[in-house]
Each structure stands twice: as structure tokens, then as C-alpha cells.
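*Asks:* Okay, handing you the structure first.
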């Protein structure tokens, strides 16, 4: 009778332990989805702001039609992309386009002094900061999920229960992976 009770107790403990692992993995997967949703919300906010920004710049820099057209045409690419990698790639490309748009704005002192443009620029800066935070949060949740899936004993349960590693939100720009080279002129003495 005692050996049967011990076996039943061990089985119950193992089942409770497996349930706890499963519930933790479900919670981590939900956090990853929530994190990616936070990124897409910020990308949508940025895409919604761009037409106002473009129309403001257009009034001052009408001959910069190529940059303005490109920004307008690609403003929603990141929000319509499917998957983390495609979203990150579209986000990176659009961020570069916004940089070119801001460079155009720098050439027009009247535009930089325009209150509407300054407000839009401030909103864009705020959105970019929130987007950066959303990317960090997402990558932290992916790290936690992936670590949990790859850790023993979770690894024994994760794959059979349908869990797999999530993809990090990565910047495809290889130039940011290297430290910039700074050269100072030789001191004259």
C-alpha cells in the first residue's frame, strides 16, 4: 500500500510540475505577443503622423517631391508587414526615409521655425522614443521566453507542447553593429 501511495504522490507532483511549466510558457508567449503589439501600435501612430508632417514640409520644400513621395508611399509598410523580421526591415527602411525628410527640413529655416512643424517633430520624437521602448520590451520578453524554452527541464516539455523560440526584433543595418572610427587631427605643437 505504501509503495502505491509513493508512486501516486510522485505522479501527482510531476503532473503539477508539468502544469506549472506549461502555464509559465503560455504566460511568456502571451507577453511576447503583447510586446509585438506594442511595437505595431507605435508604428501605426508614426504612420498616422507622417501625412501631416509631409504636408507641412511640402508647403516649404515643394521641389523635394521625391523624398516626400517616397515617405508617403512607404509610411504604412511596417504596419502591414507580416512577421517580426519583415516588420523590423520595413521599420528600419522607413526610419531612414524619415531621416532624409528631416534633412530636407534642415535646409529650410522658415520650416524649422514653423510652430506646426515643431509640434509634429516633437510628436515624432516622442513616438520614436516610445517605439524604442516597445522594441526593448519585446526583445526582453522574447529573451525570457527563449531562455525558458531552452532551459532544463522545460526543454523536455516545450517542444512537445507546441512552444518554440520567438524571433528577436533586430536591426538589419550592419553599420550600427560596429563602433564608429573617430580620427583626430595630429596635434600641432
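*Asks:* Note down the relative contact order for the chain as a percent, whole number, built from C-alpha pairs under 8 angstrom at least six residues apart.
*Replies:* Once divided by the residue count of the chain, the mean separation gives 30 percent.
*Asks:* Between 0 and 90 degrees, rounded to the nearest ten: what's the tilt of helix 2-60 against the longest Cα principal axis of the chain?
*Replies:* Rounded to the nearest ten degrees, it is 10.
*Asks:* Order these by the 10 Å Cβ neighbour count, fewest first: 97, 102.
*Replies:* 102, 97
*Asks:* In a GNM of the chain with a 10 Å cut-off on Cα contacts, which of 16, 39, 149 has the highest mean-square fluctuation?
*Replies:* Of 16, 39, 149, the Gaussian network model singles out 16 as fluctuating most.
*Asks:* May I ask for the angle, rounded to the nearest 10°, between helix 115-150 and the longest principal axis of the chain, with both axes built from Cα atoms and the value confined to 0 to 90°?
*Replies:* The two axes meet at around 20 degrees.
*Asks:* Given (1) 1.22; (2) 1.07; (3) 1.04, which label gives Rg/Rh (Cα atoms, Kirkwood Rh) as computed from the coordinates?
*Replies:* Here the calculated entry is (1).
*Asks:* Could you identify which residue out of 96, 38, 162 has the top mean-square fluctuation in a GNM of the chain using Cα springs shorter than 10 Å?
*Replies:* Comparing 96, 38, 162 in the GNM, the peak value goes to 162.
*Asks:* To test your reading of the geometry: what angle, between 0 and 90 degrees and rounded to tens, separates the Cα axis of helix 65-74 from the longest principal axis of the chain?
*Replies:* Approximately 20 degrees, to the nearest 10.
*Asks:* Identify which of 12, 54, 104 has the largest mean-square fluctuation in a Gaussian network model of the chain, with springs joining Cα atoms closer than 10 Å.
*Replies:* Maximum among the listed residues: 12.
A short reminder: the numbers here are calculations on the coordinates, not readings from a lab. Here the structure is a predicted model, which is why all the values come from computation and not from measurement. Every residue, glycine among them, receives a Cβ derived from its backbone with ideal geometry; neighbour counts consider all protein chains shown.
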